[in-house]
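Before any comments, here is the structure.
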Amino acid sequence: MTQAALGEIIGVKRDSIYTYEKGLNYPEVRNLITLADYFGVSLDYLVGRTDNPEINK
């Protein structure tokens, strides 16, 4: 998936996705929720608090 495509899914520009990937910036909570829903994982999994994508889903 391209940065531009992912940006369209959560409503941000490609440059924002780049900064998230590089750890220079962090998504807003609503965008984290959208990402977790899109990929079918929990927020804890998305932010690295667990290795289990189903916990707290």
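Can you pull out every residue in the stretch 37-57 that is surrounded by 15 or more Cβ atoms within 10 Å (Cβ to Cβ) and hydroxyl-bearing (Ser, Thr, Tyr)?
Of everything in the stretch 37-57, those that are surrounded by 15 or more Cβ atoms within 10 Å (Cβ to Cβ) and hydroxyl-bearing (Ser, Thr, Tyr) turn out to be 42, 45, 50.
Among the hydroxyl-bearing types (Ser, Thr, Tyr) and touching a Lys or Arg at 6+ places or on another chain (Cβ under 7 Å), is that true of residue 16?
The answer is no for residue 16.
Pairs please, first residue from the stretch 1-28 and more than 19 Å from residue 43 (Cα to Cα), second anywhere and surrounded by 11 or more Cβ atoms within 10 Å (Cβ to Cβ) and among the hydrophobic types (A, V, I, L, M, F, W, C), Cβ atoms under 7 Å, 6+ apart in sequence or on different chains.
What qualifies is 3/17; 14/4.
Which of the numbered conditions does residue 34 fail, given that it passes all the others? Conditions: (1) in contact (Cβ under 8 Å) with a residue 24 or more places away in the chain; (2) open to solvent by 80 Å² or more (accessible area, probe 1.4 Å).
(2)
If the Cβ limit is 6 Å and pairs must be 6+ apart or interchain, which residue in the stretch 38-57 that is of a type outside the set (S, T, N, Q) pairs with which residue that is surrounded by fewer than 13 Cβ atoms within 10 Å (Cβ to Cβ)?
44/56
Can you pull out the residues in the stretch 21-49 that are of a type in the set (D, E, K, R) and assigned to a helix (DSSP H, G or I)?
If the condition is that a residue be of a type in the set (D, E, K, R) and assigned to a helix (DSSP H, G or I), then 21, 22, 30, 37, 44 are the ones that fit.
Scan the stretch 1-20 for residues that are modelled with pLDDT of 95 or more, open to solvent by 100 Å² or more (accessible area, probe 1.4 Å) and either touching a Pro at 6+ places or on another chain (Cβ under 8 Å) or not in a helix (DSSP H, G or I) (or both) and jot them down.
Within the stretch 1-20, just 13 meets the criteria.
The values are calculated or read from the model by the stated rules, or taken from the named source; none is laboratory data. Because the structure is predicted, anything quoted here is derived from the model rather than measured. In this analysis, Cβ positions are derived from the backbone assuming ideal geometry, glycine residues included, and neighbour counts consider all displayed protein chains. What goes into the accessible areas is simple: the full protein's heavy atoms, side chains included, and nothing from ligands, DNA or RNA. Shrake-Rupley method; radii C 1.70, N 1.55, O 1.52, S 1.80 Å.
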